[in-house]
Amino acid sequence: MTSALNHESGAADARRSAALRPGPVASASRRPVEDPSAAAPDGRAATAGGLPGAGVLAIMAVGLALGLCATALVLARGWDPGAVTVGAWTARPQVGTAAIDPYARAELARSGAVPLVAGEGLAFVATTDDTGYRLLRTCSYRVSGAFPPARVWTLTATDPDGSTLANPAERAAFTSNDVLRDMAGGVAVVVAPSARPGNWLPLTGDGPLTLTLRLYGTPLAGHNGEAAAAALPAIARLSCTGGAANADGGTTR
Amino acid sequence: MSHRSLVAALILVAIVMVAGVVHIASLLLLPRVAPEDAYARLAVFAAGDGLRVLPRAGLPGDPLPGRDPSVATAVCRYDLDRGPLRVSAAVDGRGFVALSLHSRSGIAFYGLDDRAENDGRLDFVLLTASQREAAQARDTAEGQTREVRVVAPEARGFILFDILPRLGSYAEAERGLASMRCSVERPV
């Protein structure tokens, strides 16, 4: 691709030089340093003139490759201009509406996932803890604090593709119906590989972890401003098992 | 600026413009040609008419990625070219019930939950814009009807019926899906 670009650059340069100059004499007088020989640029121009389509073709090919690369990159990174970030949580309120942006729509088409419709609820996704470190399945986290207004919420631990983690306790999620609350009505869920008292959301395996908080029947759905102002639970890292996992958690964000 | 750098700049601009057009075109085209989008996956899973209960999220055979494992879901694929679709879901207060409507090309165009219930049911008729006009013409001839009409942006798509159990288990919610209905109202 690079060689094609260089070739095109030189060829177009020569073509342009030929078009601007009536003949070799003018060329010599205008560009005496760059073109000391009047015969050379003419020879190049003649060669380039024989391939007028090749240059355009090369530009098209490079542009096509770059354009497709840009699409693939953006879809792989999940970029969404309409995303709303609150602490470690990110929601995409427009994904569940007819106003979905083309990036989110293409991403959904590629993954095959179905978004939560605005009339049903809103999903917040976290891939880092509150300090910005990537969530890992070998670490323990406490998810506690305010849960936004909703008729029902669910908190789910998955891998980055959204697949639940198989575990002997057969618990992939907590809901507002089955979570244990403290005397003041507060909620704290511990997401950890080893068993904990209270609300324990088990982790298995290693690699990155994604937490999803889905709010059903929430007034936040479909409204950017309100979602941004929502108070969401904090995600605090408690500990990590294994030095490798710890080091990885410290370096990857 | 020398000719050489001017030409290089022009070529760069041309490449960027081509790349931009390709990028935008591929983004817009993807939802129409993606072989593995939700509709295509559901077409394999629920090939026939009527309602199909999806396996619990994360279990083998689940056709859609990234679903909520706490929610029991059934799917109804529709093709309004065969006639308007009557949709009905029972609401018994034992769980959170929600319906979401998605078009073939991936737009979530309508959703409602059990607060919209009437006499313990969520009922509506899904139709195309031209079918709604025909229905309105019938209304004026036969008197007003009380049915709720929802216009779909495309003739094809799918409806997800969700139940999140409030009391009781996931299995009970799954049984609750059996009372959901979707059927072609007047075949054309």
query = Considering A:Thr164, A:Thr156, which residue is at the interface with chain B (Cβ under 10 Å from one of its Cβ atoms), touching an Asp or Glu at 6+ places or on another chain (Cβ under 9 Å) and surrounded by 19 or more Cβ atoms within 10 Å (Cβ to Cβ)?
reply = A:Thr156
query = Which condition number does B:Ala98 fail, the rest of (1) more than 7 Å from chain A (Cβ to nearest Cβ); (2) at pLDDT 90 or above being met?
reply = (1)
key: segment A:136-159: number of residues that are within 21 Å of B:Leu99 (Cα to Cα) and not in a strand (DSSP E or B)   = 3
request  = Can you tell me which residue among B:Ala14, B:Ala40, B:Ala19 is over 24 Å from A:Arg105 (Cα atoms), touching a Gly at 6+ places or on another chain (Cβ under 8 Å) and not β-branched (Val, Ile, Thr)?
outcome  = B:Ala14
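Taking the residues in segment B:1-43 that are part of a loop (DSSP other than H, G, I, E, B) and either touching a Pro at 6+ places or on another chain (Cβ under 7 Å) or within 7 Å of chain A (Cβ to nearest Cβ) (or both) as candidates, determine which candidate is surrounded by the most Cβ atoms within 10 Å (Cβ to Cβ).
By that ranking, first place goes to B:Asp37.
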task = Give just the number: which of (1) part of a loop (DSSP other than H, G, I, E, B); (2) away from chain A (no Cβ under 13 Å); (3) in contact (Cβ under 8 Å) with a residue 60 or more places away in the chain does B:Val87 not satisfy?
result = (1)
key: strands (runs of 3 or more DSSP E) completely within segment A:76-135 that count 3 or more residues being crowded, with 24+ Cβ neighbours inside 10 Å and more than 7 Å from chain B (Cβ to nearest Cβ)   = A:121-126
task = Can you tell me which residue within segment B:27-52, out of those that are over 15 Å from the mean Cα position of the chain (by Cα) and either aliphatic (A, V, I, L, M) or at pLDDT 90 or above (or both), is nearest to A:Asp161 (Cα to Cα)?
result = B:Ala34
remark   = When segment B:106-130 is checked residue by residue, the ones that are touching a residue at least 40 places away in the same chain (Cβ under 8 Å), assigned to a loop (DSSP other than H, G, I, E, B) and more than 8 Å from chain A (Cβ to nearest Cβ) are B:Thr128
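The values are calculated or read from the model by the stated rules, or taken from the named source; none is laboratory data. Treat the numbers as computed from the prediction; the structure is a model and nothing was measured. All Cβ positions, even for glycine, are placed from backbone atoms using ideal geometry, and neighbour counts span all protein chains on display.
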